[in-house]
Amino acid sequence: MIKIEIEIDPEKARRECKYTPESMMNCLDSTFAKADFPILEADEFRRVYRDSGNVSEDFGVMTGLVFKFAECDWFAKSAKKIIWYDNDDSNDPNVWNIEDCLKILREKRIGCYA
């Protein structure tokens, strides 16, 4: 299984972006839903989306969505957390490879993080 955790900073969004944090979350939800990635966990400004069950295909699609959102100014300004989880097909639900995608986007200067 793979999953991604995304959290928006609502105060920063309200201060620096033209969209509301609520509309940002709606955009994330609808985009991930179109890719058949269900919401695994949801808080007001935090979501965890999981794969659709076809991990080999979903890996590239989910990665592509992260890069697509990195191109959005509002996302780059307001994203507080982007964490990628991959269990490498382990049967143990507590075994995860974890990557801080936000850190990677910033370090590699990808999209609006340039």
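Quick note: the coordinates plus some simple rules give every number you see, no bench work behind them. Because the structure is a prediction, the values reported are computed rather than measured. We place every Cβ from the backbone using ideal geometry, glycine too, and count neighbours over all the protein chains shown.
Some notes on this structure:
- The stretch 64-114: number of residues that are outside any helix (DSSP H, G or I), in contact (Cβ under 8 Å) with a residue 40 or more places away in the chain and either in contact with a Phe, Trp or Tyr (Cβ under 9 Å, 6 or more places away or on another chain) or among the aliphatic types (A, V, I, L, M) (or both): 8
- If you go through the stretch 1-34 and pick out every residue that is among the aromatic types (F, W, Y) and either without any contact (Cβ under 8 Å) to a residue 40 or more places away in the chain or on the phi > 0 side of the Ramachandran plot (or both), you end up with 1.
- Residue in the stretch 1-54 that is farthest from K68 (Cα to Cα), counting only those that are among the acidic types (D, E) and surrounded by 15 or more Cβ atoms within 10 Å (Cβ to Cβ): D9
- Within the stretch 63-97, considering residues that are touching a strand residue (DSSP E or B) at 6+ places or on another chain (Cβ under 6 Å) and hydrophobic (A, V, I, L, M, F, W, C), the one farthest from A33 (Cα to Cα): W96
- Pick from the stretch 31-63, criterion assigned to a helix (DSSP H, G or I) and among the hydrophobic types (A, V, I, L, M, F, W, C), ranking: nearest to D89 (Cα to Cα): V55
- Among the residues making up the stretch 90-111, a single one is within 10 Å of M1 (Cβ to Cβ) and loosely packed, with under 10 Cβ neighbours inside 10 Å: P93.
- On the stretch given as the stretch 17-35, residues that are acidic (D, E) and out of contact with any Pro (no Cβ under 9 Å at 6 or more places or on another chain) total 1.
- Count - residues of the stretch 37-56 that are touching a Leu at 6+ places or on another chain (Cβ under 9 Å), more than 21 Å from S78 (Cα to Cα) and of a type outside the set (K, R): 1
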